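All remarks here apply to the structure that follows.
What follows is calculated from the coordinates using simple rules that are stated; it is not laboratory data. None of the values given here were measured: they were computed from a predicted structure. Glycine also receives a Cβ, built like all others from the backbone with ideal geometry; neighbour counts cover every protein chain displayed.
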Amino acid sequence: MTRPLRATAVGAIAAVWAFAVNAQTYPERPIRVIVPIAAGSVTDVIMRATASELAPRLGQPFVIENRGGASGIPGAQACAQAAPDGYTLCLVYHNTLSINPLLFNQLPYDPERDFTLITNLYLLIEALFVNSSLNVNTAAELKAYAQAHPSTLNYGTLGPGSNPEMFLKWMNQTWNVNIVGIPYRGGGPIAQALVAGELQVAKMGLGNFLGLLGTGKIKPLAVAAARRSVLVPEIPTLAEAGIDFPPFGWWGLAAPRGVPQPIVDRLNTEFVTLYREAKFVEYLEKQAVLPAPGTPAEFLQFLKRDRQDAEFLIRISNQSREDYKPQ
């Protein structure tokens, strides 16, 4: 072996050895978690509860970094560009890995190559809400109101290409109405805006609204799930309410591409164990989400199916592809 080749081989062996040592002692400092949605949203609340549970088990705290808005693109970009050392994790969701690649040209990240999948976390139960001042009690009544009062209803979205935005386009086209979309950085701000009357309509994760139901200022019309939620059992599903728009929403955990496999395995074990513990499962269900942890391979198979579902949603909402423009 020549001297340059020998040096290269030694360097590669040293790098592998260093990764192995680091994985054995991981983590040695706080772990950053990029959450691509606003603080106070149900996903943010769940991640903070997760961090509180896992910090003692891993021996290091988690630092939550909220990067909301623009359909999760800034958060995904920050994750993809971070060092693959296990000290930056990111929450990913249906927009990050399934919808955005189908809607945007010039994304600042590659959903296929820039991430290391760790585990899916949970499925969302979403709900269609209105401000109580509208005096509508069903989806059919909302449709009639929107037809009779064009351009007077504001609806919260997470920006172009987001699932709420697609539902808005579906309503406007299918109902022949003109409800106005207003972008926000997360479900928490949307729920607060609905209570305040800045918005009249919203469809987000049910967990964002549960603590506000007692105000009497908002009203659920339907839940986006295969069956009724035990949290609001009197509220019909979208299908029961006559809305032919499929339930769609999930959150998972990833890291930048290239994180050493032993670190991925450790993180997967810790997150999956927590998300299967009876006490934490009960907590998650009270946030209106369904825990769905598993292996990275299972997450990958889930994504393959999810991307097919995303194509269907884009077709029925008649979304057109466009260039991504950083905000």
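The table below gives the values:
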read-out: Residue identified as of a type outside the set (Asp, Glu) and closer than 25 Å to Thr174 by Cβ among Leu89, Leu117, Leu123; value: Leu123
read-out: In the stretch 66-84, the residues that are closer than 23 Å to Ser52 by Cβ and touching a helix residue (DSSP H, G or I) at 6+ places or on another chain (Cβ under 8 Å); value: Asn66, Arg67, Gly68, Gly75
read-out: Residues of the stretch 21-42 satisfying the condition of being over 14 Å from the mean Cα position of the chain (by Cα), of a type in the set (Ser, Thr, Tyr) and part of a loop (DSSP other than H, G, I, E, B); value: Tyr26
read-out: Residue in the stretch 48-61 that is free of Cβ contacts under 8 Å to residues at least 40 places away in the same chain, touching a helix residue (DSSP H, G or I) at 6+ places or on another chain (Cβ under 6 Å) and not aliphatic (A, V, I, L, M) present; value: yes
read-out: Residues of the stretch 166-187 satisfying the condition of being in a helix (DSSP H, G or I) and either within 23 Å of the chain's Cα centre (by Cα) or crowded, with 20+ Cβ neighbours inside 10 Å (or both); value: Met166, Phe167, Leu168, Lys169, Trp170, Met171, Gly187
read-out: The stretch 244-293 - residue that is small (Gly, Ala, Ser) and in contact with a strand residue (DSSP E or B) (Cβ under 6 Å, 6 or more places away or on another chain) and, of those, farthest from Asn95 (Cα to Cα); value: Ala292
read-out: Selection within the stretch 155-169 - in contact (Cβ under 8 Å) with a residue 60 or more places away in the chain and of a type in the set (Ser, Thr, Tyr); value: Ser162
read-out: Condition check for Ile190: hydrophobic (A, V, I, L, M, F, W, C), assigned to a loop (DSSP other than H, G, I, E, B) and closer than 18 Å to Leu134 by Cβ; value: no
